[in-house]
């Protein structure tokens, strides 16, 4: 077995042992107990955790905790102002908000007569989550602002638009400026603001952008492809444009109101 799979094996084994040890008489729902165990072990910064294990734990917490209401515990932990758990809380809440955004898409599509799928969508998180992320993101220090930009880009909530605009305008003195600005641009573009796509095009030939923590899903067409290119292709559906000059020429002719065509799929870096 490859070394890269060990974090997953250890995490899954621990989860199984924990679940088998739960009592049917426990007052707290088993979903919340599992989320709490994973959260306390991997997300609160109490010990050095391999990145792959941290990511696996955050995915499980986000998937199970969104429905069970455990998101309130995560939000409460964030409000404690614990720097060691802050980025983990923001990451988990962002993943939950991303699923809520997908649920809104499905609900809207069904209301407009679209095909009804097997997934029964529901929006679970309260509006206080986005408000908290915006307030904290506006005040976040240089090493944390990128986490907030990623989470809010995942949410695709119009209330975050002013935060995105502020980040693009005022982020020049921040350590994590590239990550924050990139996801602020993605966030604006997903909300239909052409300033987001314009920023991405202007940076499409910049090989020095230091984008951390997460990346847009996609297949690179060449070694020169950047994360910016991957995001632009998802937002616009334009697969054949390869250079900044081609993107700029296309954007001059394009109807900016017709975009985005789809969201950017944001993947966590291991």
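Nothing in this text is a laboratory measurement; each read-out follows from the coordinates by a stated rule. Computed from a prediction, not measured in an experiment: that's the story for all the values here. Positions of Cβ are generated from backbone atoms using ideal geometry, with glycine treated the same way; all protein chains shown enter the neighbour counts.
Structural remarks
- Remark: relative contact order (segment 163-270) = 29 percent; criterion is Cα-Cα distance under 8 angstrom and separation of 6 or more residues.
- Each Cα pair under 8 Å and six or more residues apart adds its sequence gap; the mean of these over the residue count of segment 29-125 is a relative contact order of 28 percent.
- Stretchable slack from residue 131 to residue 111, in nm (0.36 nm times residue separation minus alpha-carbon distance): 4.5 nm
- Packing-based ranking of 207-213, 91-97, 195-201, 69-75 yields 91-97, 195-201, 69-75, 207-213, ordered from highest to lowest mean Cβ neighbour count within 10 Å.
- Cα-projected label distance for residue 202 with residue 265, points at 7 Å along beta-carbon direction, nm: 3.0 nm
- Prolate/oblate/rounded call for segment 129-270, Cα gyration tensor, a/c under 1.5 rounded: prolate
- Scaled to the globular estimate 2.2 N^0.38 Å, the Cα spread of segment 29-125, given as radius of gyration, is 1.20.
- Placing a pseudo-label 7 Å from each Cα along the Cα-to-Cβ vector at residue 50 and residue 255 gives an inter-label distance of 5.1 nm.
- Computed extension gain for residue 243 through residue 170, at 0.36 nm per residue and net of the alpha carbon distance, reaches 23.6 nm.
- If you sort the three axes of the alpha carbon gyration tensor as a ≥ b ≥ c, you get a/c of 1.5 or more for segment 84-190 and a/b above b/c, which makes it prolate.
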